[in-house]
Amino acid sequence: AVFPLWKQFRMEQSAHDLLGVDLYAMQSFAEWPPKTSITHWAGIEKLDGLEYPEEWISQKLSGGTYARFIHRGTQAEFPKTMAMIFTEWLPSSPYQYDFSRMQFQIMSADYVMNDPESEEFVFIPIAQ
């Protein structure tokens, strides 16, 4: 599911000489915890002056309010960060998850999935 998606995307990114651009992971789901499938996207920021493969689609993130968190650690530790957000932070905040918008993460261009020093910014769509 997610890891094969990223492996394929990184290979295509390299083949099209589009390395050096921040990575975006986006997810869409209808409830938390998800009882149905989660839709995942792997991408990079679209920058002026770069040419992108025709078969790649453009996905625009919606505006609105997002809570921002930093995940530090390996990708295997990421579920702990998400559990903290959904079981501790969100229930004690005045906000609700906004299921009409995508959740996303931004990782630097040199992000290494299994590096314990890696960081990714997690953006959770919220509404009051």
Looking only at the stretch 39-53, count how many residues are more than 12 Å from Asp17 (Cβ to Cβ) and either loosely packed, with under 13 Cβ neighbours inside 10 Å or among the basic types (Lys, Arg) (or both). 6
Can we say Leu23 is in contact (Cβ under 8 Å) with a residue 60 or more places away in the chain and either farther than 18 Å from Val112 by Cα or open to solvent by less than 60 Å² (accessible area, probe 1.4 Å) (or both)? yes
Out of everything in the stretch 61-74 that is touching a residue at least 40 places away in the same chain (Cβ under 8 Å) and not in a strand (DSSP E or B), what residue ends up being most open to solvent (accessible area, probe 1.4 Å)? Thr65
Of all residues in the stretch 1-38 being small (Gly, Ala, Ser) and not in a helix (DSSP H, G or I), which is nearest to Gln96 (Cα to Cα)? Ala30
When you check Leu19 against the structure, is it aliphatic (A, V, I, L, M) and more than 20 Å from Ile124 (Cβ to Cβ), yes or no? yes
For the stretch 40-60, state whether one or more residues are among the hydrophobic types (A, V, I, L, M, F, W, C), in a loop (DSSP other than H, G, I, E, B) and touching a strand residue (DSSP E or B) at 6+ places or on another chain (Cβ under 7 Å). no
Which of the residues spanning the stretch 80-128 are open to solvent by 40 Å² or more (accessible area, probe 1.4 Å), in contact (Cβ under 8 Å) with a residue 60 or more places away in the chain and touching a helix residue (DSSP H, G or I) at 6+ places or on another chain (Cβ under 9 Å)? Met113
Might you check whether a residue that is within 19 Å of Glu120 (Cα to Cα) and basic (Lys, Arg) occurs anywhere in the stretch 59-72? yes
From the option list Leu50, Leu61, single residue qualifying as over 14 Å from Arg101 (Cα atoms) and among the hydrophobic types (A, V, I, L, M, F, W, C) is Leu50
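The values are calculated or read from the model by the stated rules, or taken from the named source; none is laboratory data. Nothing here was measured: the structure is a model prediction, and the numbers come from that model. Using ideal geometry, Cβ is built from the backbone for each residue, glycine included, and neighbour counts are taken over all protein chains shown. Keep in mind that these areas ignore ligands, DNA and RNA; they rest on the heavy atoms of the full protein, side chains included. Shrake-Rupley method; radii C 1.70, N 1.55, O 1.52, S 1.80 Å.
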